[in-house]
Amino acid sequence: MGAREDQGRNSFHGRVPSTPAQAMWGQACAKVQREIGAEKFASWVKPLSLVDEDSKAIHVAAPNAFCCDWVRENLGLKLTRAWHMYDPDRREIFFKVRDQHGAANAQTEDNPLFVPAAANSHSPIAANEANSGFGTGAKDDTDQEQEHKSAFDDFVVDESNEVAFAVANQVSRGNTAGFNPFLVHGGYGVGKTHLLRAIGESTLWSNSRKRVRFLTAEEFVYDFVAAMRAKETHQFKAKIRALDLLIVDDLQFLAGKEASQDEFFHTICALSSAGAQVVLSADSAPTALANLDPRIQSRLSGGLVVEIKPANESLRRQILERRIDALANEYRGIAVPAKVLDMIAHEICTNPRELIGVLNTMLARTALIGKPLNEDRCREILGELMQDPTRKVSIAQIQNAVATYYDLSMEQLLSRRRTRNIVRPRQIAMHLSKHLTTCSLPMIGGRFDGRDHATVIHADKQITALIAKDQVLAADVIAIRRALMSSAA
């Protein structure tokens, strides 16, 4: 059954959808909008339209190739997961470029937003994203070398990340002496996942004889709990401990989950003893992760722990230039004035992921629809983006910002000390965590050295009351909040 393109557009403008698929697509898009915010949704998802469907897939059209590529790369997983929540058949999403007459370009219809494992089973990364499964596969030498180059060569290096980059490169080539387990930590969007994926997709580890798995700590917990409920823990352990390379992203999500932490500890011990490589990322060093099993902290500290520090303005400028060069090779006529790049690099001071997102949004709203991207337009768009109330930061970023502002160490901020010069900043950090993140109160308390939700509620009430009557404290909170407000959603 086909769905006409004009019907697909209706789901974004409040009209009644004419097919069940239109209704489900509208629900999926609404869910994604809540996750990514109104500004990003308007730039990238709203222009999409559901144009066709069959028993295996739906077909979605984008207005141009740039939007098509960006959505597939950056929102493919979110859209697929949201769509699968409403589609009982869990069909795939395939992406098309709409031609000038409004019809979908059939030449690109075989490019899915999200590649199922069966279609790309040779990639351990793709296989994991599709079904969190285990897999190996072979690639020819040309593909392997191109993939290795694109993964590592796209990473812009300076003193803030050069150690992490160098170690990741060595691990990708099998030189793992002293680097096992290898953990890289840093704030949101600084490039941790980029390096982890580069390792997993490298020539050595993507070899057909290598057993590789990439997953988040949240997925590890989900899979382990599911195995326990199905009484299949033996099979779970046998599969994961037979790997040659285990890559785990966002280790902080293990905090507080005792049974899963116990299994994880024994897993990394078994893999290390067997000579397998373990690579991880987290938003803080292991010793700074509250409610993380001390055995895991000790084991990870016995390998190599490397920090990626926030990008300075010079590095942010280089990242923007690299992105423009890459786009110029794909889309003719893409050019951004140097002063506009300077302005973006100066204003967006949080992380490279946010930086690229802002640049992409600007291009989508100017150059790609035939409008000039000059300093005035840049300033206007930046103003809109900085005021987006849906933008969020991580608890770790808030803790670091508050500690830096009050000249405290992280250990002091998270300690049990009750002196005013420590208690008040700690309460401010809890207050901001409650209002700038989507984390639950127990989760916030847990990240402050295992405090409970009642402590978070008390801190929030205290700071809210003080803001109303203490101008100095209010100014402090505003200054910290302003420094955090441009963090990615």
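The values are calculated or read from the model by the stated rules, or taken from the named source; none is laboratory data. On a predicted model such as this, the values are computed, not experimentally measured, just so you know. When we count neighbours, we look across all protein chains shown, and the Cβ atoms used for this are built from the backbone with ideal geometry, even at glycine.
Counting just the residues of region 13-55 that are of a type in the set (Lys, Arg) and not in a helix (DSSP H, G or I), which one comes out modelled with the lowest pLDDT?
Within region 13-55, the match that is modelled with the lowest pLDDT is Arg15.
Listed here are the residues, each with its yes/no results for (1) under 30 Å from Leu246 (Cβ atoms); (2) assigned to a helix (DSSP H, G or I); (3) assigned by TED's automatic domain parsing to the domain that holds Ala259.
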site	(1), (2), (3)
Gln297	yes, yes, yes
Leu320	no, yes, no
Lys339	no, yes, no
Met343	no, yes, no
Gly357	yes, yes, no
Cys378	no, yes, no
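Which residue, of Ala270, Ala274, is aliphatic (A, V, I, L, M) and closer than 12 Å to Asn180 by Cβ?
Ala274
In region 237-254, what residues are surrounded by fewer than 18 Cβ atoms within 10 Å (Cβ to Cβ) and either among the acidic types (Asp, Glu) or part of a helix (DSSP H, G or I) (or both)?
Lys237, Ala238, Lys239
As an exercise: evaluate Gly76 against (1) surrounded by 16 or more Cβ atoms within 10 Å (Cβ to Cβ); (2) small (Gly, Ala, Ser); (3) modelled with pLDDT of 80 or more; (4) more than 23 Å from Thr216 (Cα to Cα) and give the number of the one condition it does not meet.
Failed condition: (4).
For residues that are aliphatic (A, V, I, L, M) and not in a strand (DSSP E or B), scanning just region 56-97, find the one that is farthest from Pro20 (Cα to Cα).
Among those residues, the one meeting the criterion is Ala65.
Within region 417-426, how many residues are under 14 Å from Val456 (Cα atoms) and either aromatic (Phe, Trp, Tyr) or surrounded by fewer than 17 Cβ atoms within 10 Å (Cβ to Cβ) (or both)?
1
Give just the number: which of (1) surrounded by fewer than 18 Cβ atoms within 10 Å (Cβ to Cβ); (2) touching a residue at least 24 places away in the same chain (Cβ under 8 Å) does Gln261 not satisfy?
(1)
Here is a list of conditions, (1) within 30 Å of Leu382 (Cβ to Cβ); (2) modelled with pLDDT under 90, and Ser440 meets all of them except one; can you say which number that is?
(1)
Check off (1) in a helix (DSSP H, G or I); (2) under 25 Å from the mean Cα position of the chain (by Cα); (3) surrounded by fewer than 20 Cβ atoms within 10 Å (Cβ to Cβ) for Ala429 and give me the number that stays unchecked.
Ala429 satisfies all of (1) in a helix (DSSP H, G or I); (2) under 25 Å from the mean Cα position of the chain (by Cα); (3) surrounded by fewer than 20 Cβ atoms within 10 Å (Cβ to Cβ) except (3).
Conditions tested, residue by residue: (1) under 24 Å from the mean Cα position of the chain (by Cα); (2) acidic (Asp, Glu).
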{"residue": "Leu195", "(1), (2)": "yes, no"}
{"residue": "Ala198", "(1), (2)": "yes, no"}
{"residue": "Glu218", "(1), (2)": "yes, yes"}
{"residue": "Asp223", "(1), (2)": "yes, yes"}
{"residue": "Ala238", "(1), (2)": "no, no"}
{"residue": "Ala242", "(1), (2)": "no, no"}
{"residue": "Phe253", "(1), (2)": "yes, no"}
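Just to be sure before I move on: is Ile268 buried (at least 17 other Cβ atoms within 10 Å of the Cβ), closer than 27 Å to Phe152 by Cβ, of a type in the set (Val, Ile, Thr) and in contact (Cβ under 8 Å) with a residue 12 or more places away in the chain in the structure I sent?
yes
Being more than 27 Å from Leu195 (Cα to Cα) and charged (D, E, K, R) is the filter; apply it to region 331-360 and report the residue that is modelled with the highest pLDDT.
Step by step, filter region 331-360, then rank; the result is Lys339.
In region 453-474, which residue that is surrounded by fewer than 13 Cβ atoms within 10 Å (Cβ to Cβ) and among the charged types (D, E, K, R) is nearest to the chain's Cα centre (by Cα)?
The extreme case among them is Lys461.
Pairs, please: C-beta under 6 Å, at least 6 apart or cross-chain, first residue within 14 Å of Val340 (Cα to Cα) and in region 376-389, second among the acidic types (Asp, Glu) and modelled with pLDDT of 70 or more?
That search, which allows pairs on different chains as well, returns Leu382/Glu347.
Within region 271-291, can you find the residues that are without any contact (Cβ under 8 Å) to a residue 40 or more places away in the chain and hydrophobic (A, V, I, L, M, F, W, C)?
Leu271, Ala274, Ala276, Leu289
Hey, could you check region 289-305 for residues that are under 23 Å from the mean Cα position of the chain (by Cα) and buried (at least 20 other Cβ atoms within 10 Å of the Cβ) and say which is modelled with the highest pLDDT?
Step by step, filter region 289-305, then rank; the result is Leu300.
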